[in-house]
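Heads up: the structure comes next, in structure tokens.
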Number of protein chains: 2
Amino acid sequence: MNFELNKEFIEQLQTAIQEHADVQIESMVKELHPADIAEILGELETEERQYLINLLPEEITADTIVELEEDERGELLKDLPSQEIAHSVIEHVDSDDAADIISELPEDKQDEVLSNISDIEQAGDIVDLLNYAPDSAGGLMATELVSVNEELTVRACIEEIRKQASEVDEFFYVFVTDSQDMLKGVLHLKKLLLAKDTELIKNLIEDIRYVKTDDDCEEVANIMRKYDLVSVPVVDSIGRLKGRITIDDVVDVIKDEAEEDYQLMSGITGDIDSNDSVFKLTRARIPWLLIGLAGGILGSVVIGGFDSQLIKHPEMAFFIPLIAAMGGNVAIQSSSIIVQGLANNSLGLDSASRKIIKEVLVALVNGSIVALIALIYNMVVGQSFALCLTVSISLITVVLFAAIVGTSLPLAFEKIKIDPAVATGPFITTTNDIMGMIIYFFVSFQCYSWF
Amino acid sequence: MNFELNKEFIEQLQTAIQEHADVQIESMVKELHPADIAEILGELETEERQYLINLLPEEITADTIVELEEDERGELLKDLPSQEIAHSVIEHVDSDDAADIISELPEDKQDEVLSNISDIEQAGDIVDLLNYAPDSAGGLMATELVSVNEELTVRACIEEIRKQASEVDEFFYVFVTDSQDMLKGVLHLKKLLLAKDTELIKNLIEDIRYVKTDDDCEEVANIMRKYDLVSVPVVDSIGRLKGRITIDDVVDVIKDEAEEDYQLMSGITGDIDSNDSVFKLTRARIPWLLIGLAGGILGSVVIGGFDSQLIKHPEMAFFIPLIAAMGGNVAIQSSSIIVQGLANNSLGLDSASRKIIKEVLVALVNGSIVALIALIYNMVVGQSFALCLTVSISLITVVLFAAIVGTSLPLAFEKIKIDPAVATGPFITTTNDIMGMIIYFFVSFQCYSWF
């Protein structure tokens, strides 16, 4: 039952495609899950991909296209006429996937595809979904769901579910509404199975967390994770049931958000992975390297400004990497804790100033340890007392400064609605490199003039 | 239906606890989900927490304790006698949560609690679960599930499900086995509802992905995510159904893995958040700062070794931060792509050498751009030709070196079973700082001797 992709399989398939051995190809992929076929397609060349897709049964084709990476899907749909996209793909998939696929198409093709959908109700649902912001609950939800009126009996409810279930792929909860479509609660299938036929549904329903169509999808993810929900109902601003979001879509949101934050910290913009082209990989990284370059050049101007000090005490240069590295490390530590807390909604109720005070305390302890070790090392190896003091005092100061910047910058970014994750990685290390140099040379003037 | 924690609520609750206003307290938390109560407990002092817990009904207490953070739970259970832990907590929760809670207790208390569980079968299940590695599928699964024999009719199956469902909290799939307990497939509730009463279950079952008890839980997460599973059956080495893992547990695995990688990259060890104590926050960070310190000191030795060069050309010091920063940035970019690919199992089928070649290409492009800009800048501001060349040649070399190290180190770590995420963050920046200095001064000797 479990398939694992390997090189031999791909090579065998490629040979079969070259030889147009359709029967062999079909038998190789027949039993596979669309997610596996999508993975296989990702390893093939464009023409091979096209060839294989054409051999798949229509139902499988649609599900496979849903599973593809966005750029692979775009390439595949580019050459397909709008009518075929509507009939062979859109009509076979859930409304949320349909809306996603259509939103990726060029503007003019979107309307063509929509007008080619045979089922007017389905087309209407998709148009409604396209109106929600892509990163809102409305943009994430699907309209396919099973819902029953609270006034039904168990027997009538089961009949109703049978009717609706034939149109819905899979469902885990039955949502219960009143006659105005207002969400009243959820009916667990377990309760339905255990209840008497004549029992009224309204006596069996349980409270369920809901989200609103304009809630942010990160918020939806936090709610589903907190309450261990498999499916969450989405209501409009007056409480009418509009759709549902299932956990598999939210898992992707959680994964994507985490990856985005990870990539931002490592100085990469845009959603890339190691299989992307050299051009795409280069483009995603160069902006942050240019920021690093600008910072480095600014740093050289700063150090250049302390030229005379450096000529008098060239040994000061030895510790430039240490001061720069330590500031960067501490700033990243502080900012990543805040960014993670903001993303998880787990910062608690402490005020920003209390958080900064806490970080300053941590920095004071860590800075003192590091500065003390550096002091002992420098005295043992016989550096001048002025240099010993300069390095250790600078270390504490830089670490403190880095902790304050690292804590307050993401909090400030969040306030002014910039993604706080931007305030990690190269941005914050560069800032601290420059400040570190200013602090280091400023401290050195004091120390060398006194000792 | 939706509760949001705020400062006023906590203050009101704290006042009520101080005044022992039990009726008011009970009315404040009565309608809340255990996850909300756990969040509230996280904001209270130890004695307040104890007081509130004692007021909760037993069923809610158990579920709330499951939802607590590990350290809060430990503190709470520390003072509870083993008998009470068994009867008031363990007997009310699912086997996977029970095993987790027991595994957190001190060794001697574990046996006491286990021997106090009234239901021998439940105790046996928990003991079995405790034998699996905590990060394996066996360690993650619960034994509560609904399974039926493939030979049953739909009518008999519904009867059987009714019987089993009363003991299981919630279920989404019915697993189907043969008379030897071997997993045969899954029965979707939808199919059950739509089928005729006399139909045999074996004609309704579908294939389902399964995992084995000793599979790694990251692998389980990847499978559930790939195939959009809400629940996955776990089988032993010969295919007998042993338990099931639900998506909510896997979401936590995904989240935890992502956070661990994020924290490792930012130089933090251990699972901490901003609400932890200053001591815990300090301890989680100091190891990486010490690595940074050691690297910085080593860097000072390297630069000290090129002492004479620096006295002759003090302007070389200006660009030390630039060279160090650029190497660190590129190394982190390269390593994070690999670490993410390894975590997602999305590296594809390319060999390690092809990946390194690709990274070298990207580095060559980015390094050239950065070096060219630096060259133009340095010539415009009138640096000596030797310094201009030194900086730009060093930049390309450092960037190339960083890309190779950043790509190969995590791959090598994975091979020798060290978490590749360790090869990001301070570890890799420190390595590249030192190498950067060696390259910079080595190049400068060539450039200054020729021009």
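For A:PRO321, the conditions (1) without any contact (Cβ under 8 Å) to a residue 60 or more places away in the chain; (2) more than 7 Å from chain B (Cβ to nearest Cβ); (3) of a type outside the set (Gly, Ala, Ser); (4) touching an Asp or Glu at 6+ places or on another chain (Cβ under 6 Å) all hold with the exception of (2). Of all the residues in the stretch A:258-272, those that are buried (at least 18 other Cβ atoms within 10 Å of the Cβ) and either more than 7 Å from chain B (Cβ to nearest Cβ) or not small (Gly, Ala, Ser) (or both) number 8. Annotation note: of B:SER346, B:SER368, B:SER353, the sole residue that is small (Gly, Ala, Ser), in a loop (DSSP other than H, G, I, E, B), in the same structural domain as B:GLU414 (by TED's automatic domain parsing) and surrounded by fewer than 23 Cβ atoms within 10 Å (Cβ to Cβ) is B:SER346. Listed by first and then second residue, the pairs with beta-carbon distance under 9 Å, at least 6 apart or on different chains, first residue in the stretch A:2-20 and outside the structural domain of A:THR46 (by TED's automatic domain parsing), second surrounded by 15 or more Cβ atoms within 10 Å (Cβ to Cβ) and of a type in the set (Ser, Thr, Tyr), are A:ASN2/B:TYR210.
What number of residues in the stretch B:27-70 are surrounded by fewer than 16 Cβ atoms within 10 Å (Cβ to Cβ) and of a type in the set (Gly, Ala, Ser)? Of the residues in the stretch B:27-70, 1 are surrounded by fewer than 16 Cβ atoms within 10 Å (Cβ to Cβ) and of a type in the set (Gly, Ala, Ser). Of all residues in the stretch A:211-260, those satisfying the criterion of being among the acidic types (Asp, Glu) and out of contact with any strand residue (DSSP E or B) (no Cβ under 9 Å at 6 or more places or on another chain) are A:GLU218, A:ASP248, A:ASP252, A:ASP256, A:GLU257, A:GLU259, A:GLU260. The residues in the stretch A:211-255 that are more than 18 Å from B:PHE171 (Cα to Cα), among the basic types (Lys, Arg) and at the interface with chain B (Cβ under 8 Å from one of its Cβ atoms) can be counted, and the count is 2. The set of residues in the stretch A:175-189 that are buried (at least 19 other Cβ atoms within 10 Å of the Cβ) and either among the small types (Gly, Ala, Ser) or within 18 Å of B:ARG162 (Cβ to Cβ) (or both) comprises A:GLY185, A:LEU187, A:HIS188, A:LEU189.
To keep it simple, each residue is scored yes or no on (1) at pLDDT 90 or above; (2) in the same structural domain as A:LEU187 (by TED's automatic domain parsing).
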position: A:GLU107; (1), (2): no, no
position: A:GLU112; (1), (2): yes, no
position: A:GLU151; (1), (2): yes, yes
position: A:GLU159; (1), (2): no, yes
position: A:SER166; (1), (2): no, yes
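Note on the stretch A:187-212: residues that are farther than 20 Å from A:ASP236 by Cα, of a type in the set (Lys, Arg) and in a loop (DSSP other than H, G, I, E, B) total 1. Examine the stretch B:302-313 for a residue that is among the polar types (S, T, N, Q) and crowded, with 24+ Cβ neighbours inside 10 Å, and state whether such a residue exists. Within the stretch B:302-313 (the criterion being among the polar types (S, T, N, Q) and crowded, with 24+ Cβ neighbours inside 10 Å), the answer is no, since none of the residues qualifies.
Answer with yes or no whether A:THR15 is at pLDDT 90 or above and buried (at least 20 other Cβ atoms within 10 Å of the Cβ). It is false that A:THR15 is at pLDDT 90 or above and buried (at least 20 other Cβ atoms within 10 Å of the Cβ). Being modelled with pLDDT under 90, polar (S, T, N, Q) and assigned by TED's automatic domain parsing to the domain that holds A:ASP169 is the requirement here; does A:ASN203 meet it? No. If the condition is being within 22 Å of A:GLY270 (Cβ to Cβ) and more than 7 Å from every other protein chain (Cβ to nearest Cβ), then the stretch B:331-353 contributes B:ALA331, B:SER334, B:SER335, B:VAL339, B:LEU342, B:ALA343, B:ASN344, B:ASN345, B:ASP350. Taking the condition more than 38 Å from the chain's Cα centre (by Cα), buried (at least 21 other Cβ atoms within 10 Å of the Cβ) and assigned to a helix (DSSP H, G or I), does B:VAL398 pass? So B:VAL398 fails the test.
Count of the stretch B:168-199 residues, restricted to those that are charged (D, E, K, R) and modelled with pLDDT under 85, is 4.
Only one of the numbered conditions (1) within 8 Å of another protein chain (Cβ to nearest Cβ); (2) in a helix (DSSP H, G or I) is violated by B:ASN378, and that is (1).
Flag: A:ILE291 matches the condition of being surrounded by fewer than 22 Cβ atoms within 10 Å (Cβ to Cβ), assigned to a helix (DSSP H, G or I), out of contact with any His (no Cβ under 9 Å at 6 or more places or on another chain) and more than 7 Å from chain B (Cβ to nearest Cβ). Taken over the stretch A:84-134, the criterion of being in a loop (DSSP other than H, G, I, E, B), among the acidic types (Asp, Glu) and surrounded by 15 or more Cβ atoms within 10 Å (Cβ to Cβ) is satisfied by A:ASP94 alone. Screening B:ILE208, B:ILE247, B:ILE291, B:ILE223 for residues that are touching a Pro at 6+ places or on another chain (Cβ under 7 Å) and within 30 Å of A:LEU68 (Cα to Cα) leaves exactly one candidate, B:ILE208. Determine, yes or no, whether B:ILE418 is surrounded by fewer than 21 Cβ atoms within 10 Å (Cβ to Cβ) and assigned to a helix (DSSP H, G or I). The answer is no for B:ILE418. The test for being more than 7 Å from chain A (Cβ to nearest Cβ) and more than 27 Å from B:LEU68 (Cβ to Cβ) holds for B:LYS312.
The values are calculated or read from the model by the stated rules, or taken from the named source; none is laboratory data. Note that the structure is a prediction, hence the values are computed from the model and not measured. Here Cβ is always computed from backbone atoms with ideal geometry, including for glycine, and neighbour counts include all displayed protein chains.
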